[in-house]
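Here the structure is laid out as structure tokens; the discussion comes afterwards.
Derivation of every value follows stated rules applied to the coordinates shown; laboratory data play no part. Bear in mind that the values here come from a model prediction, so they are computed numbers and not experimental data. Backbone-built Cβ (ideal geometry, glycine too); neighbour counts: all protein chains shown.
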Amino acid sequence: MAVDPAKVIRADVRAMSAYPVQHASGMVKLDAMENPHRLPQWLRDEVAGVFRDAEINRYPDPDAPGVKKILREIMKVPDCCDLILGNGSDEIISMLINAVAGPEAVIMAVAPTFVMFKVSAVIARAKYVGVSVENDFSLSADQVIAAMNEHRPAILFIAYPNNPTGNLFDEKVIQRIIERAPGMVVIDEAYHVFAGRSFMSRLPEFPNLVVMRTLSKLGLAGLRLGYAAARPEWIREIDKVRGPYNVGVLTQLVTEKILAHHQVLEEQAREIVAERGRLEKALHSMSNITAFPSAANFVLLRVPDAEKVHAGLRERGVLVRSLHGAHPLLDHCLRFTVGTRHENDLLLDAFGRTLATLG
Ligand SMILES: *Cc1c(COP(=O)(O)O)cnc(C)c1O
């Protein structure tokens, strides 16, 4: 008997669209904030050895103690806090939300921001409230505190730097918000390596603070490893909604191997930051566009016609992300990931030629 999925699948799930991933083969791929640099050959050879010896007939250690130990050291996780690992920070977002979701629970985030906060809240049937940033993309403590008083969010997500706007919110504003929050405040530091700013060292001051990061933007997007640091009394509870073997054997071993040489990734990040400066300077010299200041590995800019420019870049082999329509403050905005020097030159060339066709 044929069963109609529409009769079985939740209506709100049927109304959703899958996370958009653009076809990229053969393109200069500057749409997903990946690190454009590969690992050096000697490190790739070491990683190959890890694969050869991995016991993939066994389940992984569910606690991943080796990964946690090296993360604690390198990322300077304060002694007051424990870690939880996820299949990317995407999974951590959904674990955090699943641990609080119920008929009354509210998930709050600034708007515009990373879409997975809302997607995970909708899937968990939690109520989602976005609090708009100001016109200059800054955050008003008074606005957020008023919204928190009205909605009493179980979790407030703040991406620092924010995606897609690229800016860091004022540290004092965030501090005031954390102090007044009725629930958990999750500072999502996916781009911390490019920003050089972090709330990690301030965890001891705030019992309701969670600092979440990922190795993805640092250069290991394909591995899928995210982590969050918080007081043990929070981590203990969140750990109960985690799938027991969520971080595979290969991810654990490769992460340990590569993080033992983390300077390689940090050097690549420094190169990306230098390229970001060069890209911003070149964009500032172009007329008819606004490039917003960025503390991340991407640049948000406003162009005269986002759809035409996005299509023009695509025709010239360069893939970027259009954010037009995502939020009123993002009208005619595009987001460029900072690539290698060569890729950025290709981008600037394609961009200049595309703008010229708009007259
Ligand atoms: C990219 C991104 C993530 C998700 O990264 P993972 O690859 O799932 O670890 C989380 N938060 C923000 C703000 C991001 O931009």
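Each stretch of four or more DSSP H residues adds -39500 (n - 2.57); spread over every residue of the chain, this sum gives -12000 deg cm²/dmol at 222 nm. Counting only residues at least eight positions apart within a chain, or on another chain, the aspartates and glutamates with an alpha carbon under 13 Å from that of K69 are D79, D82, E256. Close amide-amide hydrogen proximity is noted between D170 and L139, each under 5 Å apart and 5 or more residues distant or on a separate chain (H modeled in the peptide plane; Pro and chain starts excluded). Centre-to-centre, using Cα atoms only, the stretch 263-335 and the stretch 40-94 are separated by 31 Å.
Just the number, please: percent antiparallel of the DSSP beta bridges in the chain, rounded to the nearest 5. Don't skip to the answer; put the middle values down first.
Values: 18 of 38 bridges.
Just about 45 percent of them are antiparallel.
Within the listed set K217, K118, K281, the residue fluctuating most in the Gaussian network model of the chain (springs between alpha-carbon atoms under 10 angstrom) is K281.
By the count of neighbouring beta-carbon atoms within 10 Å, fewest first, S17, S216, S201 end up ordered S17, S201, S216. From the Cα gyration tensor of the stretch 200-272, with a ≥ b ≥ c the square roots of its eigenvalues, which class applies: rounded if a/c is under 1.5, or else prolate if a/b is larger than b/c, or else oblate? Taking the square roots of the gyration eigenvalues as a ≥ b ≥ c, the stretch 200-272 is oblate. Only lysines eight or more places from K127 in sequence, or on another chain, were considered; those with a Cα closer than 20 Å are K118. Annotation: the residues T357, T337, T165, sorted from fewest to most other C-beta atoms within 10 Å of their own C-beta, follow the order T357, T337, T165. Residue by residue, the stretch 309-318 carries 3J(HN,Hα) couplings of 5, 4, 5, x, 5, 4, 4, 8, x, 10 Hz when phi is fed to the Karplus relation 6.51 cos²θ - 1.76 cosθ + 1.60 (θ = phi - 60°); x denotes Gly or Pro. Listed by chain and number, the lysines whose C-alpha is less than 28 Å from the C-alpha of K281, apart from same-chain residues fewer than 8 away, are K29, K217, K308. Of the Cα atoms belonging to the chain, the radius of gyration and Dmax stand at 20.9, 64 Å. Sorting H261, H284 by the number of Cβ atoms found within 10 Å of their own Cβ, with the fewest placed first, yields H284, H261.
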